[in-house]
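Since every read-out is calculated from the coordinates, none of them should be taken as a lab result. Note that the structure is predicted; figures quoted are calculated from it, not measured. No Cβ is skipped: glycine too gets one built from the backbone with ideal geometry, and neighbour counts run over all protein chains shown.
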């Protein structure tokens, strides 16, 4: 009798557990498809947005300083218009020379560089969002020092600079009303080597930058246009703006044109070609 009662009790308990448990619910995610996770847009489906950039290549060459007179031939083949300078006398006083060229001039300029026994030492590609800047490093400054230059007023000035990076800063701005054309501004700048991911600290670091606006230039460019930037003369002094930007007194190895003799180390000057590749 007792055993029958126990069996009945266990059966009743099992019945209650089954009756009281809720039926398993189907997960909402079981009905969700990958396409349902995309944001809804009424009407025509939205096309993916591509990052709009202004693209440039910067080709950097060196030639023996003894061949610097060959650069006169390059300048004569190119144009001053549509270049804009912040101060023309100061620009030249700092031994900067800039010219404008288009796609049809490119092969001739490269041939003239080869005739000057040039060699390419770097090629930098830039993808600049509208209104943004990028700095191409030219050389490092390992200790505090002074850079001599001619200011926009024509006076001789000195910039007290600390350790950092000396380079060419380039800014690109799309012209809204002119399709396929952008505004370019470029100038030498010294930036501290250290950067911070904290915005306030990074802003303080940027306050220690020094921009050489006396050597700034600007112009409108479209695809295929390029800018030649080179020295007016060879300056070995690395405390002078023109010397630091263009000269390599330690020298580079250059082959003779006939390449029958071993390469020889010679003081060199740098030439920059900034090419607009896409807008």
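For residue 130 and residue 178, the difference between the fully extended length at 0.36 nm per residue and the C-alpha to C-alpha distance is 15.9 nm. Could you give the nm distance between label points at residue 259 and residue 160, where each point is 7 Å from its Cα heading toward the beta carbon? Computed distance between label sites residue 259 and residue 160 equals 5.2 nm. Annotation: for a label point projected 7 angstrom from Cα along Cα→Cβ of residue 75, no residues of the range 141-176 have a backbone N closer than 16 Å.
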